Every structure is written in C-alpha cells, then in structure tokens.
Amino acid sequence: MRTVVMWLSMLVMMAMPSLQVWLIGWACGPDGLGMGSGLGVGRFAVILAVLTVGAVLMSVSSSLAQNMRDLLQEPLMAEYQSDLTDALARLTPAQTLDDEVTTQVRAARDAIPYNVASQAADATSVVGALASMVMLAASLWHMHPLAALMIALAMVPELLAQFGVEKLTNELWPKRGRESRRANYFERLLDYPPSSTEIAATAGSFGIPAQARVRYFNMAGMWERISWRTVQLTGVSSLVFAVLTGGAFWLILTSGHASVSSIPAALVGIMTGLSVTRTTGEAFGNLMASTPMILAYERLMDLLRANPAIPETTGPVGVHVEHLTYAYPTVAKHDDDADDASAASVPAVQTPALDDVSLDVEAGSIVALVGENGSGKTTLVKLIAGILDAPDGTVTLSSGADGGNGRTLGSWAERLGASSMVFQDFTHIEVTVREFIDPALRQSDDELCDGLRRARALDIVDGLPGGLDTQLGQEWGGVGLSGGQWQRLALARTFLSGKPLWILDEPTAAVDATAEAAIYHDLIANRPAGTTVIVISHRPRVLTGMDRIIVLDHGHVNETGTYRQLVDSNGTFSRLAHDSLE
C-alpha cells in the first residue's frame, strides 16, 4: 500500500510539468490571452487555476512522496537488519576470527541504513524524474525539438555531480565507520562502569582523550573532503544546467515556430520540471554508488546462508588427536589509504602454537590440561571443540555407548555440536539471567534452578531483584555482578547444555578457594553420566581428582599421568605444583 501511494504521488509530480504545458498552451489559444474579451478572461482564469492547482498538487505530492519514501524505507531497513542479524547467528567460529569476513559484516551493517534499505525508494525517485523529463520534452517537441532535447538532458549534469559526491562518500564510509567505532569504544570506556571506575581510580587516562581527539578530527576531515567535492561538482553542474535550460528557453523564444501561447506554456513547464528533477541527483548518486555495497551485502548473505547447521550430538564421546599441528594465521598491517596493490595482505610466518600433538581422552573421563602460558592449551581445546580447524593432523570425537563403537565426528561442525565451552575470557553478555544460562530458551525454571544449584550459583540468582528474569549489566540499567558471579553463571550454562563434551578453560579463576573446591567436586561427582570433561587450570592443587593430567610445553605433550604419578616423577608438573604452593 505504501509503495502504491508513493508511486501515485510520484505520478502526479511526473505528469505535472507536461500537463501544465498542454493546459496553458490550450488556455492561451492561438491568439494569446485576448484579455479584452470574456473568452480571454476565462482563459486567464484557467491559467491561474492551472498554476495554483499545480503548485498545490506539486507541494502535496512532493511531501506525500517523501513521507511514503520514509515509511517504505524504515520497514525495509528493519527487515534487512533483522535478516542480517539472523544470518550472523549462523557465523562459524572460524568466520568470527576471519578479518575479511568481519570486515564484510561491519560494512554490511553500515550499508543497510544508507544504501540497501534506500535502494527501492531511490530507484523510484530516479525513474520518476526521468519519466517526468521525457514527458516534458515530448510536450515541448512541437515548439522546438532541440530545445526539448536540451531540457531532457538538463538533469544529467546534476545526476553526474551527485554520483561523484556519493561515490566519494561511499569510499570514505568504511574508513569513517572504523574511526567512529574506535571513538565509540573510548566513549563507552569513560561512560560506563566498571571501565569508567577503573579509569577514574587510575593515575593518567591511558591516552584515551588524545586518541579520541584523533578519531573525531579524522571523521571531520572526511566530511570536509565530501563537502568540498559537493561544492565543486555542484557548481559545475549548476552552470551546465543553467546553460542548457536557458538555451532551451531561448531557442523556443526565438523560434519561428513559437506562438504567443507556447512561450508562457514552455516557461511554466520548464520551471515546474526543474523543481521536480532538481533533487533527483542525490537519489541517482545513492543508487549508482551503493550498488557495489548492495552486491557485497548479498555476497555476505549468501556466504552465511551456505553455512552448515550445527548438529546436536548426545551420548558419551571420546577425543582422539593425532599429529596435530597448528599456527595462527597472521597478516601484515597496511595503510587504509594505500592503493590496492600496496595494501594487499601479506601472510606472516609464526611459530606453531601446537606441533605434532597426539593424545586420547576416554569417553566419560575428566582430564586436565596443564602448562605455562603459551604452551598451547587453549589452542588445543579450541581445535577439539571445532572453534578452529587444523589443516595438519586430525581431531575426531568417537560417539557411542563406550565412546568408541559409534560413529566418528570429524568435521568442525560435528565437534562444535558436541561441545560446551567456558573460556577464561568469556563475554559478559548483558541479557537476562535466563537468556544467559539458556541461550536457546528451551529449559524449564526447575531445570534452570538445578543447573544453577550444581554451579553453586542459585543463591546468587535468588538474591537478584527479578530472579531468572533479572537484566544483567549496568550499561542497560541491569545488575552488576562480580567476576566470580559471572563465572558461576557461565558454568551453569555448561551444566544445562546437555552436551557430551565440556571444555572449561580456567573455570574457577575468579572464585575463592572454598567455591573452587565445591565446583570441582560437582564437576567430578555430579556431572551427567558419561560426560567427558577437559579442564584447563593453572592451579595444580585442585587437580587431585582428575582421571588424567596432560602437561603441554611449547606446543608439545610433555607429560601425562595421574596427579600422584606426575608429582612423584619430579618433572614439569611437579615443578609447577611446587611453584604454585610458594
């Protein structure tokens, strides 16, 4: 309905210039107005009526068309943004770590409000303006064909000028987006706790004001470039525009075929036509310059839609890792303003985080990974869980009653579907408690409370003003939690996941010793039957109940055994255990 109303409004605007030419030409008649006669007065009244009604209809139609354009654009923008958000929920873990994909995602977010959603409205405006000029030229053709052609071409300079402006705007928009996101980051640091509290309590400002100032003025400089380009191109286009329209009217005025009636008709039609088409340049510029962005948006959506669904795996699983080697890909940094050739990403060589690692974890066992920082523990569990996919070596999960007689899960998607993870640096997603611990919103309140109880977090939630429906995070007016409280909620999410493989990276780093002992007791004694658990810990004293401990050193498996075996061996683990007690 909105589209129909917008098109009807545009139709009135498109037809008005040529309609005025015909009506005024008819009203004037072959002999002019003839004001001395009653017929002349009637013709004059018709002309006034045509001008008055035309002006009113033009004003109303223009306003209505713009309002309908806005009403059409807003729902489209919401639809596109919703579609993109839905598609982004299908991002694979590897894609979230891919700089090229994340750049495409940010560009798509930036393009939706200003390019994708406005495409239909811009196309309507351009088509309407072109149709209006063609009809106007047709109505003037009998007066002077060349003049009619010049009028039809009069809007071209404005279109080209706006295309140049919008092309530069779209070229600078991603760069401005990066500067804006960085500036917004600094603003959030200063605006919301806990970062604002930490900054206020620390001598110095971490260079934030100076860095923010650079971002603000970089953005201002980009807009200044756009403004200068607008002034330059608009000036040239306006001059060409004046020459074409003025020349067209002069040709009609001096033509031997011009009549007394044609001159005022042509003048009114040209003036009305210019008012219709003068603002079309911006829509045309948007339409042309945004086309690459829209194509990039569609390519991103196709990429996301092609991602496989993550299967859900139940039952015990064992882990088999064989000759696994992995090095994180890195690229050399480049200048955003450099040309395409010099800005090409150059892969950099990096020491492997894991080097020829082989190990097995039995289904239903609880195993700890231990090692100094940088030994490869987190990289290994990310590969096991399917967050990363290694080109060298194999990682498989064996599904079955005994972890070995069922099918083998080798793809990253199958491994991801079998795993629930809590990492030390997990994100404090500021939603409700219910949404945080049950992302799929499939659990009953009793089940949620049971998971919270096993994670030693039920007392925390019971003390919140809204219980399970309490909004978390002070940025949105919710409740602030301590690091340990957040960590317990993250553990509850794992307890509730129903996944057969749990991977916990420093699951008790932010809790006290008493709570830590209780949580490890629950992991060992109260986890669902058959659940395989891999724990990363820097605190050897809490690992006495592990079925097995695997010690990594510089990307290699250095030792493996039970707590007592490793302590008695006086090797790397024994040294780490001794150091942790000092």
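Here are the numbers for this structure:
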{"quantity": "Residue match in segment 475-491 (condition: part of a strand (DSSP E or B) and in contact with a Phe, Trp or Tyr (Cβ under 8 Å, 6 or more places away or on another chain))", "calculated": "no"}
{"quantity": "Residue satisfying condition, being touching a residue at least 24 places away in the same chain (Cβ under 8 Å) and surrounded by 13 or more Cβ atoms within 10 Å (Cβ to Cβ), within set Leu464, Leu458", "calculated": "Leu464"}
{"quantity": "Leu160 more than 18 Å from the chain's Cα centre (by Cα), part of a helix (DSSP H, G or I) and free of Cβ contacts under 8 Å to residues at least 24 places away in the same chain", "calculated": "no"}
{"quantity": "Residue check, Ser195 free of Cβ contacts under 8 Å to residues at least 60 places away in the same chain and of a type in the set (Ser, Thr, Tyr)", "calculated": "yes"}
{"quantity": "Count of residues meeting criterion [hydroxyl-bearing (Ser, Thr, Tyr) and in a strand (DSSP E or B)] in segment 537-561", "calculated": "1"}
{"quantity": "Neighbours by Cβ (under 6 Å, 6+ apart or cross-chain): first from segment 342-370, in the same structural domain as Pro500 (by TED's automatic domain parsing) and farther than 19 Å from Val395 by Cα; second part of a strand (DSSP E or B) and at pLDDT 65 or above", "calculated": "Val370/Ile549; Val370/Val551"}
{"quantity": "Among residues of segment 441-462, those that are more than 17 Å from Gln487 (Cβ to Cβ) and part of a helix (DSSP H, G or I), counted", "calculated": "7"}
{"quantity": "Residue satisfying all of: in segment 271-313; at pLDDT below 85 and in contact with a Gly (Cβ under 6 Å, 6 or more places away or on another chain); surrounded by the most Cβ atoms within 10 Å (Cβ to Cβ) among these", "calculated": "Thr313"}
{"quantity": "Of the criteria (1) of a type outside the set (Asp, Glu); (2) touching a residue at least 24 places away in the same chain (Cβ under 8 Å); (3) not in a loop (DSSP other than H, G, I, E, B), which one Gln565 fails", "calculated": "(2)"}
{"quantity": "Close pairs (6 angstrom Cβ cut-off, 6 or more residues apart or separate chains): more than 19 Å from Leu287 (Cβ to Cβ) and aliphatic (A, V, I, L, M) in segment 64-81, buried (at least 17 other Cβ atoms within 10 Å of the Cβ) and modelled with pLDDT under 75 anywhere", "calculated": "Leu64/Ser9"}
{"quantity": "Residue within segment 468-485 that is of a type in the set (A, V, I, L, M) and free of Cβ contacts under 8 Å to residues at least 12 places away in the same chain present", "calculated": "no"}
{"quantity": "Unique match (being under 29 Å from His428 (Cα atoms) and at pLDDT 85 or above) among Ile549, Ile536, Ile519", "calculated": "Ile536"}
{"quantity": "Candidates Ser420, Ser497 - the one that is in the same structural domain as Ala363 (by TED's automatic domain parsing), within 26 Å of Val367 (Cα to Cα), assigned to a loop (DSSP other than H, G, I, E, B) and not basic (Lys, Arg)", "calculated": "Ser497"}
{"quantity": "Single residue of segment 326-358 satisfying the filter (surrounded by 13 or more Cβ atoms within 10 Å (Cβ to Cβ) and under 20 Å from Asn373 (Cβ atoms)) that is modelled with the lowest pLDDT", "calculated": "Thr330"}
{"quantity": "Condition met for Asp568 (over 35 Å from the mean Cα position of the chain (by Cα) and closer than 19 Å to Leu359 by Cα)", "calculated": "no"}
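The values are calculated or read from the model by the stated rules, or taken from the named source; none is laboratory data. Everything numeric here is computed off the predicted structure, so don't read it as measured data. Cβ atoms come from the backbone with ideal geometry, glycine included; neighbour counts cover every protein chain shown.
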